[in-house]
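For reference, the structure is listed below as structure tokens.
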Amino acid sequence: MTFRQLLYPFALGSTLLFSGLTAAQPDYNSVLKQETEHYLKKQYTELLQRGYERVDVRVNAVDRRLRLTPCSAPLNFEQSNPSTLRNQASVRVSCSAPKPWAIFISARISAYAKILVAAQPLVRGQILEKDDIIRQSKAVSPNHTLLQEHQLIGQQLKRALPQGEAIRANFLTPPRVIRRGDNLILAARLGSASVSTSATALADGKVGEQIRVKNNRSEQIVKARVVAPGRVEVVL
């Protein structure tokens, strides 16, 4: 028997041994991927409590070239910026035994919710009415603020919106309820006592703003807070 013939069984056994390690490694990498997905789904469950319909988590595959020792201790997961929910997530997965290691695994988060959108093309400066908005299921950012109808109706658009576009809080502004030259009721309040007189607006105003008005009886110009269309108030 030649030396090559003697060596062949050992070479074959070694090949099978190392090929077994290589084949087993992707399986453990798949376990890491599944465990990371499970961890992230738990992290994003609060979105469902906030009114989102569903959250999809897509974890990127672990590099098959990594030869990580299977962990005998519980895996530890740490998410970058855990207080900020984003479309992209990066998770540090680490093991303490038998051989410490740590890797970063990335994932993409897709959140879906029924949000308020433009029911038709809307123009800049338009005051929103109930018929201008509808709900549609859309993919949104996990940090998207879900608005309610009552928060939109009566608000003024700061920009034009095409049909179907999501209506965001920063697209809106309270409308001007008083125009310069409007006839007003000016209320002067002191404690529980209040007296009213007529006044003229010297500037446009939104609810909550202070504007200059002229007391029509005394001709005095004062600053008053807009409380409603046609009504302003001075607290003495």
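Side notes on the structure shown:
- Meeting the requirement of 2 or more residues that are within 30 Å of Q136 (Cβ to Cβ), at pLDDT 85 or above and in contact with a helix residue (DSSP H, G or I) (Cβ under 6 Å, 6 or more places away or on another chain), the strands (runs of 3 or more DSSP E) wholly within the range 1-106 are 54-59.
- Any hit, the range 160-169, residues being farther than 27 Å from H38 by Cα and assigned to a strand (DSSP E or B): yes
- Residue list for the range 95-121, restricted to those being surrounded by 15 or more Cβ atoms within 10 Å (Cβ to Cβ) and free of Cβ contacts under 8 Å to residues at least 40 places away in the same chain: C95
- Considering the conditions (1) among the small types (G, A, S); (2) surrounded by fewer than 13 Cβ atoms within 10 Å (Cβ to Cβ); (3) under 30 Å from R135 (Cα atoms), A73 is excluded by exactly one of them, (3).
- Of residues in the range 182-209 being outside any strand (DSSP E or B) and within 42 Å of the chain's Cα centre (by Cα), the one nearest to Q155 (Cα to Cα): V207
- Here the condition is being over 27 Å from Q126 (Cβ atoms) and either among the polar types (S, T, N, Q) or not in a loop (DSSP other than H, G, I, E, B) (or both); of E219, E233, it holds for E233 alone.
- Positions within the range 152-196 being closer than 19 Å to V227 by Cα, loosely packed, with under 14 Cβ neighbours inside 10 Å and of a type in the set (S, T, N, Q), in sequence order: T173, N183, S192, S194, S196
The values are calculated or read from the model by the stated rules, or taken from the named source; none is laboratory data. Given the structure is predicted, the values throughout are model-derived calculations rather than measurements. Cβ coordinates were reconstructed from backbone atoms using ideal geometry, including for glycine residues, and neighbour counts include every protein chain displayed.
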